[in-house]
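Student: Dropping the structure in here first, questions after.
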Ligand SMILES: [Zn+2]
């Protein structure tokens, strides 16, 4: 896009005056950021770094690495026997201009072919411009929008200023494999704790954070890099929320084996209203053990609470259900070992659902005004549950274990049909006006 605001115009003008990446940097990248590769082809090892080829001493060809006998390079053996292939890596140059801290991202390609020296190419694909407040604006080349890869660079497109929300894109978070050691940083960064290391954090993220975020500054100054890395790299961290506890850990030099678990444990401590300012709680000797213990306790408490709520709900539903279906209570038909009776209690719906593994309770069939639910039993065991429509006086469904019919299915249907008149008679009772 074209620069519009004053700051965009300033950055674009400064960028044009920036010296090109020096050739020494490219030479350094070629030596530093790539692996050395070898392939095994037709019984010979080929060094793709110096072009040397030789016959292996032993027949064993399963080695992952081998040393080149000419250039002494430690070669990674490429799995498939390809004629040529390429490797792409990122590196960065960290420099300053005017008041800006700049991180220049270089994308390098190494093309390799059997019996040839590798060919390299280097393109500066992004420039992150960080002002003293830690605000970042990025110049970037375009990428191919039709590619599956988010970083399919169009190497011949110009470096253009990008909108502010470029920081939300995956490209912004590209972390170079190595940073060119000849660094130039703003003096304020040194004051804020930056020495020379990036700790595998993308330089644009580390440096901008150190300029605008006192948490990042405290973490880098504490020397406990794993906290800093977690803070700046985890999308799901809550260091700010747990800041008081983090400070206790830093002071005690407490090593966290798993930050996700530790933060989860902080939430549990909060849930149990424990003192988060106490090292006793926030720096447990065995984090996993304490975490699991609290998880279990919370689950127990939640279960008790749930059961209490369920009991209340059942009690409430019972009153309503009895009011609606009272006139059918006591109905019972028996024939040849099968007994069919009306469910009278909500707890019976629960038992029926549990023993036949269907949803008569969970789906709240006791709420259905037009339905009468009956249970068919053999030897005191539920075998099928029957739902009857009161308005149509017909069976809606009749199901056994896991909603399948039982061996008594026909007999049950028969028994119900024969006794429908009894249910109909009780319906009449319902329609009679109440007598005071
Ligand atoms: Zn070699």
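Every number here is computed from the coordinates shown, using simple stated rules; none is lab data. These figures come from a predicted structure and were not determined experimentally. Cβ atoms come from the backbone with ideal geometry, glycine included; neighbour counts cover every protein chain shown.
Student: What spacing in nm lies between the two simple spin-label points modelled at residue 147 and residue 306, each 7 Å away from Cα in the Cβ direction?
Tutor: Each label point lies 7 Å from its Cα, and together they span 4.9 nm.
Student: For residue 195 and residue 77 in the same chain, what is the full-extension length gain: residue separation times 0.36 nm, less their Cα-Cα distance, in nm? Provide the component values of the computation, followed by the final result.
Tutor: On the way: separation 118, 0.36 × 118 = 42.48 nm, distance 3.68 nm.
Answer, rounded to one decimal: 38.8 nm.
Student: Taking the alpha-carbon set of the stretch 324-431, what are its Rg and Dmax in Å?
Tutor: When restricted to Cα atoms, the stretch 324-431 yields Rg and Dmax of 12.7, 37 Å.
Student: How tilted is helix 346-356 with respect to the longest principal axis of the chain? Cα atoms for both, answer in degrees (0 to 90, nearest 10).
Tutor: Compared with the principal axis, the helix lies near 70 degrees.
Student: If I model a spin label as a point 7 Å beyond the Cα along the Cα-Cβ vector, how far apart are those points for residue 64 and residue 335 in nm?
Tutor: 7.5
Student: Please state, to two decimals, what the Cα-based radius of gyration of the stretch 6-184 comes to when divided by 2.2 N^0.38 Å (N = residues).
Tutor: 1.25
Student: A follow-up question, please. What is the pair-distance distribution P(r) of the chain, computed from all Cα-Cα distances in 10 Å bins starting at 0, with each bin given as a whole percent?
Tutor: 4, 14, 14, 12, 12, 11, 11, 12, 8, 2, 0, 0
Student: Now for a different question. If packing is taken as the average count of other Cβ atoms within 10 Å, what order do 33-39, 251-257, 95-101 fall into, highest mean first? Mind showing how you got there, number by number?
Tutor: Details: 33-39: 19.7, 251-257: 12.9, 95-101: 17.6.
Put in order of decreasing packing, that is 33-39, 95-101, 251-257.
Student: Follow-up question, since we're still on this one. Going by C-beta contacts inside 10 Å, put 408, 148 in order with the fewest on the left. Please report the intermediate quantities before stating the final value.
Tutor: Numbers: 408 19, 148 6.
Going from sparsest to densest Cβ surroundings: 148, 408.
Student: Could you state the angle between the C-alpha long axis of helix 409-431 and the longest principal axis of the C-alpha atoms of the chain, as a value from 0 to 90 degrees rounded to the nearest 10?
Tutor: 70
Student: So, in Å, what gap is there between the alpha-carbon centers of the stretch 87-152 and the stretch 308-341?
Tutor: If you average the Cα positions of each part, the centres end up 73 Å apart.
Student: Rounded to the nearest 0.05, what FRET efficiency do residue 116 and residue 157 give with R0 = 25 Å and r taken as the Cβ-Cβ distance? Could you check? Please list the in-between numbers first.
Tutor: Details: r = 29 Å, r/R0 = 1.17.
The calculated FRET efficiency here is 0.30.
Student: At what distance in nm do the modelled label points of residue 323 and residue 295 sit from each other, each positioned 7 Å from its Cα along Cα→Cβ?
Tutor: Between residue 323 and residue 295, the simple spin-label model gives 4.5 nm.
Student: Where does helix 287-325 land angle-wise versus the long Cα axis of the chain, in degrees 0 to 90, nearest 10?
Tutor: 30
Student: Between residue 276 and residue 14, how high is the FRET efficiency from 1/(1 + (r/R0)^6) when r is the Cβ-Cβ distance and R₀ = 56 Å? Nearest 0.05.
Tutor: On the way: r = 46 Å, r/R0 = 0.82.
Step by step, r from the Cβ atoms, then E = 0.75.
Student: Further question on the same structure: Place the peptides 413-426, 364-377 in order of packing, highest mean first, counting for every residue the other Cβ atoms within 10 Å and averaging per peptide. Display every interim value, and only then the final one.
Tutor: Numbers: 413-426: 14.2, 364-377: 17.6.
Answer by packing, highest mean first, reads 364-377, 413-426.
Student: Sticking with this structure for a sec: Sort the stretch 148-301 into rounded, prolate or oblate with this rule: let a ≥ b ≥ c be the square roots of the eigenvalues of the Cα gyration tensor; rounded if a/c is under 1.5, and if a/c is not under 1.5, prolate when a/b is larger than b/c, oblate otherwise.
Tutor: Working: a/c = 2.83, a/b = 1.81, b/c = 1.56.
Prolate shape, in that a/c is at least 1.5 and a/b is the bigger ratio.
Student: Go ahead and run the numbers for FRET between residue 393 and residue 316, Cβ-Cβ distance against an R0 of 30 Å, rounding to 0.05.
Tutor: Values: r = 29 Å, r/R0 = 0.98.
The calculated FRET efficiency here is 0.55.
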